[in-house]
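Structure record follows, encoded as structure tokens.
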Amino acid sequence: MHLNFRNQNKLRYLTVMVISNKPLKFILVALVAILPFVSFANPTEEKEAAPTESTDVKSEIKEFINHHLLDAHDFTFNADKETGEHNGFSLPIILWDNGLQVFSSGEFHHGEKVAEHNGNYYVIHHEKIYKTDASGTLTEDEKTGHPTNVQPLDLSITKSVVGILFVAFLMFFLFRSLAKSYAKNGGIASGAGRFFEPLVLYVRDEIAIPNIGEKNYKKYMSYLLTIFFFVFFLNILGLTPLGFNVTGNIAITASLALLTYLITTFSANKNYWAHIFWMPGVPTPMKFILAPIELLGTVIKPFSLMIRLYANILAGHVVLMSIIGLMFIFKSWIGSTLSFGLAFALSILEILVAFLQAYIFTMLSALYFGAGNEEHHHEEAHH
């Protein structure tokens, strides 16, 4: 079937209009398409060494990401592999091994040496401390590959602990100043309090009261405000170059979820437990079936809280650092520019995710508190 001249002109016009209306998408697709073929930084004569070099760069990026995701016994801002120089500072190591053992993490020299204290020898391996001999021998399990050496009880001040303490003191001084400004100015916030007051009111009016009710919300407000700002500040702190990954640590999110579970369990009224073990309005045989399911649901709720916060923050860190690592893999001005632009846009998005995850954790906690304090209305409905 042939198109006449008029239809051909019309088709060309429509094609030009589609491209001109979406220039950004067209340019981005074109740039991405030619990325594999552009590499101005690599000379032609080095093409044979390129695969090995690319593998080394990828391994370094993977190692760097894993190092960031794990907790650490020291702060390392940057390191030079050629000279072995590390810029940062050490943190205290506190172990219980036939008594209290306290020394500096600098004794490990960033995992390169064996630390000796009171005649005991310790080595750090993947940020875990093992007891060893003077030569630093580690015996590995043949099946798992993990060291079988004795692990002393580790009570050290790690990087995550420093982040938690920093946020705790920050919240204390911020909200102490907010309370003082209320008292001084007749209930009107001043200074930094003007920024945090709307967030406090938002937690109260949009989270606590709708989910718990006006009768019982006040006794939970201190916890809800604490958990909201604690998670929010830690999420923001994780986006800084300091390398914090506190809320991306499952031990931290498990502790926060456990707090919500304990508060829900011990503050719930008798109607809450009646709905779990002897659900009203259900045939008696079904009550015996539903009781263990409902009881299991009380455990699944905090588990979902834990996984949701942990997975979202961890995934955000991995994706962001992987995109930054692309700059070192492409080694071209186009690839580096696109990687930088994408990483910058994703960083802005991560700020929104930081707020969103704090909101979701607080909202679900309030929802569980509200379920635990719900009044019984079945008998009133029948009369």
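Every number in this text was worked out from the coordinates using simple rules, so none of it is lab data. Here the structure is a predicted model, which is why all the values come from computation and not from measurement. Ideal geometry is used to build each Cβ from the backbone, glycine not excepted, and the neighbour counts take in all protein chains shown.
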Worksheet item: In the neighborhood of L174, defined by Cβ-to-Cβ distances under 15 Å, what is the net charge if each Lys or Arg adds +1 and each Asp or Glu adds -1?
Response: +2
Discussion item. Expected output is a single nm value to one decimal: the length gained when fully extending between L346 and T76, i.e. 0.36 nm times separation in residues minus the C-alpha distance. What is it?
Written reply: 94.8 nm
Worksheet item: So which of K184/K215; K219/K270; K215/K270; K180/K219 end up more than 20 Å apart, counting from Cα to Cα?
Response: K184/K215; K180/K219
Fill in: Rg to Rh, two decimals, where the stretch 74-154 supplies the alpha carbon set and Rh follows Kirkwood
0.99
Item to complete: Would you mind counting up the charge near S105? Only other residues with Cβ under 11 Å from its Cβ, with Lys and Arg at +1 and Asp and Glu at -1.
Response: -2
Discussion item. Please compute, over every Cα-Cα pair in the stretch 180-225, the percentage with a separation greater than 12 angstrom.
Written reply: 63
Discussion item. So, R0 is 41 Å and r is the distance between the beta-carbons of L367 and S156; what FRET efficiency does that work out to, to 0.05?
Written reply: 0.65
Worksheet item: Quick one: if you stick a label point 7 Å off each Cα along the C-beta vector at F173 and S322, how many nm between them?
Response: 3.8
Worksheet item: Assigning unit charges at the beta carbon (Lys, Arg +1; Asp, Glu -1) and nothing else, what dipole magnitude in debye, to the nearest 20, does the stretch 185-229 show about its Cα centre?
Response: 160
Worksheet item: For V200, what charge total do you get from the other residues with a beta carbon under 12 Å from its beta carbon, if Lys and Arg give +1 and Asp and Glu give -1?
Response: -1
Worksheet, complete the sentence: Here FRET efficiency (C-beta to C-beta, S59 to W278, R₀ 56 Å, nearest 0.05) is 0.45
Worksheet entry | the stretch 74-154: relative contact order as a whole-number percent, Cα under 8 Å and 6+ apart | 20
Item to complete: Could you give the C-alpha radius of gyration of the stretch 180-308 expressed as a fraction of 2.2 N^0.38 Å, taking N as the number of residues it contains?
Response: 1.38
